[in-house]
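Shown next, in structure tokens, is the structure this report addresses.
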Amino acid sequence: MKVLVIYCKLFSYHPASKTLSDIEDVTSGETFTDCIVAFIQVEEEDETKEVGGREKKLVNHLKWTARKNTTNTIVLHSFAHLSESKGSADYTKLLFDLAETRLKNGGYAAHQTPFGYFLDLNIEAPGFSLARIWATL
């Protein structure tokens with residue numbers, strides 16, 4: 001799994017085009033302030049491991065990143081452009097749902113961008129050391 005986390009003063013999205021036909025239609029976007037946005041690519045090899053272990057590793061990394069940026073708002077965004085290897089949509093969505101639940105249970109304001117969509121993004125991100133963190137998990 002590859003993860004690029006960006007601290008954003010402002011992050012917003014609006015659905016541009018649907019890429020998976022069997023998901024619900026989404027027509028409106030959302031805006032978040034003072035948040036970290038996790039651009040996450042689940043890889044094929046992640047599916048050889050237990051999903052709970054992968055979810056726990058992801059959540060621990062996101063909590064650490066949120067603490068370093070003094071925010072409790074975390075946005076999960078599926079971003080299949082960090083590696084050539086891609087996990088299945090079903091596994092990826094399950095991992096995201098489990099991570100969102102664990103984050104919420106831990107007191108974080110956790111959200112997901114619409115899964116299976118290309119999105120128009122608006123990102124306002126300051127330039128300081130821990131505002132951008134990349135990791136292989």
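The values are calculated or read from the model by the stated rules, or taken from the named source; none is laboratory data. These figures come from a predicted structure and were not determined experimentally. Methodologically, a virtual Cβ is constructed for each residue, glycine included, from the backbone with ideal geometry; neighbour enumeration extends over all protein chains shown.
Scanning segment 49-61 for residues that are more than 15 Å from Gly107 (Cβ to Cβ) and in contact (Cβ under 8 Å) with a residue 40 or more places away in the chain yields Val51, Gly52, Arg54, Glu55, Lys56, Lys57, Leu58, His61. Restricted to segment 62-109, and to residues there that are without any contact (Cβ under 8 Å) to a residue 24 or more places away in the chain and not charged (D, E, K, R), the residue that is nearest to Lys9 (Cα to Cα) is Thr70. Looking for something among the small types (Gly, Ala, Ser), in contact with a Leu (Cβ under 7 Å, 6 or more places away or on another chain) and at pLDDT below 95 - is there at least one such residue anywhere in segment 91-102? Checked segment 91-102: no residue is among the small types (Gly, Ala, Ser), in contact with a Leu (Cβ under 7 Å, 6 or more places away or on another chain) and at pLDDT below 95. Within segment 58-96, the set of residues being closer than 12 Å to Leu4 by Cα, assigned to a helix (DSSP H, G or I) and among the polar types (S, T, N, Q) comprises just one member, Thr65.
The set of residues from segment 97-129 being among the charged types (D, E, K, R), out of contact with any Pro (no Cβ under 9 Å at 6 or more places or on another chain) and not in a helix (DSSP H, G or I) comprises just one member, Glu124. Remark: pairs (first residue in segment 22-34, modelled with pLDDT under 90; second residue among the aromatic types (Phe, Trp, Tyr); Cβ separation under 9 Å; 6+ apart in sequence or on different chains) = Ile23/Phe115; Ile23/Tyr117. Out of all the residues in segment 3-31, which are out of contact with any Asp or Glu (no Cβ under 6 Å at 6 or more places or on another chain), part of a strand (DSSP E or B) and surrounded by fewer than 19 Cβ atoms within 10 Å (Cβ to Cβ)? Within segment 3-31, Leu4, Ser12, Pro15, Ser17, Lys18, Glu30, Thr31 meet the criteria.
Looking only at segment 32-61, count every residue that is closer than 14 Å to Cys8 by Cα and either surrounded by 13 or more Cβ atoms within 10 Å (Cβ to Cβ) or within 15 Å of the chain's Cα centre (by Cα) (or both) and tell me the total. Step through it out loud before you land on a result.
Initial filter on segment 32-61 (closer than 14 Å to Cys8 by Cα): 32-39.
Filter again for either surrounded by 13 or more Cβ atoms within 10 Å (Cβ to Cβ) or within 15 Å of the chain's Cα centre (by Cα) (or both), leaving 32, 34-39.
Residues that pass the stated criteria total 7.
Only residues that are of a type outside the set (Gly, Ala, Ser), under 18 Å from Val3 (Cβ atoms) and in a helix (DSSP H, G or I) were counted across segment 32-57, and they come to 9.
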